[in-house]
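This report refers to the structure that appears directly beneath it.
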Amino acid sequence: MRLIEKPWIWAWVGTISIWLVIASLSGVSAGTEVLTAAASFGTFFVLVAIGQMLVITLGPGNVDLSIPACMTLASTVAMKVMNGSEAMLIPGFLIVVAIGLAIGTLNFALIILLRIPPIIATLSSSFLYLSTAIWYNRGLRVKPPEALADFATGKIGVVPLLAIAVLVLTVIMHFVLHRTYFGRSILAIGQNPKAAHLAGVPVERTRFMTYVLCAVLAAICGYFLAGFSGGAALNMGEEYLLMSIAVVVIGGTSVAGGFANLPGLWGAALFMFLLVTMLNTLGLSAGYRLIFTGAIIVAVIAISGKKR
């Protein structure tokens with residue numbers, strides 16, 4: 001397959017094009033700083049998008065809308081338990097993973113036991129998670145341990161440390177998706193769940209593991225985002241509902257299921273951040289920014305559907 005035919009190439013072409021516009025308007029030095037900021041914020045987009053991508057790859061109707069609430073609940077509980085103590089870093093991280101496991105399990109229980117469509121089940125459960133976070137947090141903003149904040153905001157040169165860690169995770173997940181039984185099962189279910197079942201693929205078990213993995217990644221994202229932003233906030237996950245889906249779609253993953261694209265997630269995450277930055281530089285209001293973002297997502301879905 002030629003490079004131009006790769007589904008992820010257009011996200012990267014868009015990223016480079018927008019960066020060139022920003023650099024021409026603000027200068028190369030400012031453009032480099034914007035690119036570093038894009039890598040920092042884009043890392044969180046990629047982290048949640050990996051899980052959302054796996055869920056969407058399961059086929060039409062599969063999507064997790066509880067990601068923002070999962071991030072909020074996990075980070076809120078972890079920050080309060082750690083209470084700024086570096087000795088509690090590992091226990092805090094384990095609590096985050098446990099919350100992700102519990103949320104993923106509950107989400108899938110609603111889907112499989114009550115036969116509720118995933119989009120309704122995860123949207124409904126998100127209110128429960130967010131309400132729990134509000135009750136537990138009581139409006140307090142607890143600062144993260146200094147070591148967590150240093151790692152979440154640290155850089156090697158101009159490259160964020162967290163971006164390097166998530167890039168390694170992306171490579172690992174690419175291997176898992178294409179070289180392991182679990183990953184190939186996800187792709188098979190997305191292409192044809194009935195055929196996958198007849199071929200011996202444990203369809204429901206694979207779906208369960210996928211929803212759990214998505215929730216765990218969202219919870220971990222909330223943990224590091226709290227370290228990056230100086231503490232957990234009740235609205236910290238709001239923008240990740242749209243972004244987790246936009247990054248997946250723009251990155252080249254098929255909304256029809258059966259095809260996932262990890263390299264495109266990074267290109268799409270950087271593209272979305274740079275797009276907003278460019279629109280800010282041009283002085284456009286938030287309303288116009290949302291219109292542009294929505295138009296891009298609709299266009300990409302239409303093109304991918306036509307190719308399908």
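Quick note: the coordinates plus some simple rules give every number you see, no bench work behind them. Remember, it's a predicted structure, so these values are computed and weren't measured experimentally. Every residue, glycine as well, gets a Cβ built from its backbone with ideal geometry; the counts of neighbours run over all protein chains shown.
At a glance:
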read-out	value
Stretch gain in nm, segment Arg205-Thr105, where the contour uses 0.36 nm per residue and the Cα spacing is subtracted	34.9 nm
Two-site label geometry, Leu114 and Glu146: point separation in nm, points 7 Å out along Cα→Cβ	4.6
Spatial separation of Cα centroids for region 182-261 and region 58-98, in angstrom	15
Lys, Arg +1 and Asp, Glu -1 on Cβ, resulting dipole of region 3-307 about Cα centre, debye, nearest 20	580
Theoretical ellipticity at 222 nm over the chain - DSSP helices of four or more residues, -39500 (n - 2.57) apiece, nearest 500	-25500 deg cm²/dmol
Relative contact order of region 3-307, pairs being alpha-carbon contacts under 8 Å that are 6 or more residues apart, as %	35
Lys, Arg +1 and Asp, Glu -1 on Cβ, resulting dipole of region 189-308 about Cα centre, debye, nearest 20	460
Which of Asn192, Tyr288, Val142, positive extreme of dipole for the chain (C-beta unit charges)	Asn192
Cβ-derived FRET efficiency at R0 30 Å, Met88 paired with Thr36, nearest 0.05	0.50
Residues whose placed amide H lies under 5 Å from that of Lys155, excluding near-sequence neighbours	Leu161
Ordering of 8-15, 99-106, 79-86 by packing [mean C-beta count within 10 Å, highest first]	99-106, 8-15, 79-86
In order through region 171-183: 3J(HN,Hα) via Karplus (6.51 cos²θ - 1.76 cosθ + 1.60), integer Hz, x for Gly, Pro	5, 4, 5, 5, 5, 4, 5, 9, 10, 10, 5, 4, x
Pair Lys194, Arg289: separation of 7 Å Cα→Cβ label points (nm)	4.7
Linear extension gain, Ala23 paired with Ala98, 0.36 nm per residue minus alpha-carbon span	22.7 nm
